[in-house]
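Novice: Shown below is the structure under consideration.
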Amino acid sequence: MATRPAPTAGSEASIACAYSLTPSPSTPNADTDTHSDEFADVKAVKLLRRGRRLQQVEAVYGKINPEDASVHHAPPPPAVIPKLRKEFFDSPFFRRFHVQKPILEPMEYRERYLAHLDGNPDCLPIPGQLIAMALVVWAATFGVDEYGQVIQEEDPHEFQQRAELVNEMLQEMLYLVDLHGIIRKPTWDGVKLLLLLLPLTQGKLPSF
């Protein structure tokens, strides 16, 4: 039976050298961990700020579709468009407006809007609610308020102020159209809304 040769001093030194070259388990780098923790804190703060901005927008404009919110990054403009009042539909302005801009069915839309005011959200989805805001913008271009009443302008500078206000209203409307994906998700109300807004974006106050 063959016997294994006893290790010599040279072989023992080789084995010891091989063990000494074997990499030891690496220990965590304190600096790397510190940097990764710092980046995690920064990301958390950014997410928190973004969440707060979305909450502010939803408080003013309603719940946002997550798909739309994920692609929208522009800061919201000031909310300057007042809420349309039910008295508006009985005003001479609304009757003239329908004759000149026969985009809406006035009785049908009025019933839906009044039902929405009474607390029935299914009667008027977001595009229909934006139509009400577009009517307020149209009225403002003619110096008419959300009740359908003519605003008395005695100062010549008030016309310029009205033009600036209408421009701010348009910025808000365009933001909301983008925010709620009106073009990306077409509906009949959405088409009517765009037809109402298009003349307002021509760069001057419209006239009948």
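Readers should treat all values here as calculations from the given coordinates under stated rules, not as data from a laboratory. From a predicted model like this one, the values you see are computed outputs, not experimental measurements. Note that each Cβ is placed from the backbone with ideal geometry, even for glycine, and that neighbours are counted across all protein chains shown.
Novice: Loop-only check: which GluC sites (Glu not before Pro) in segment 105-203 are DSSP coil with at most 12 other Cβ within 10 angstrom?
Specialist: Glu153, Glu154
Novice: Using Cβ contacts closer than 10 Å as the measure, can you line up Val80, Val137 from fewest to most?
Specialist: Placing the least packed residue first, the sequence is Val80, Val137.
Novice: Still on this structure: For Asn120 and Tyr147 in one chain, what is 0.36 nm times their gap in residues minus the Cα-Cα distance, to one decimal in nm?
Specialist: Extra length available between Asn120 and Tyr147 comes to 7.6 nm.
Novice: Another question, if that's okay. Subtracting the Cα-Cα distance from 0.36 nm times the residue separation, let me have the gained length for Val191 to Gln160 in nm, one decimal.
Specialist: So the chain would gain 8.1 nm between Val191 and Gln160.
Novice: On to the next question. Can you compute the FRET efficiency between Gln171 and Glu111 using 1/(1 + (r/R0)^6), with r the Cβ-Cβ distance and R0 = 30 Å? Round to the nearest 0.05.
Specialist: The pair Gln171/Glu111 has a calculated efficiency of 0.50.
Novice: What percent does the relative contact order of segment 74-208 come to when contacts are Cα pairs within less than 8 Å and at least six residues apart?
Specialist: Reported as a whole number, the value is 35 percent.
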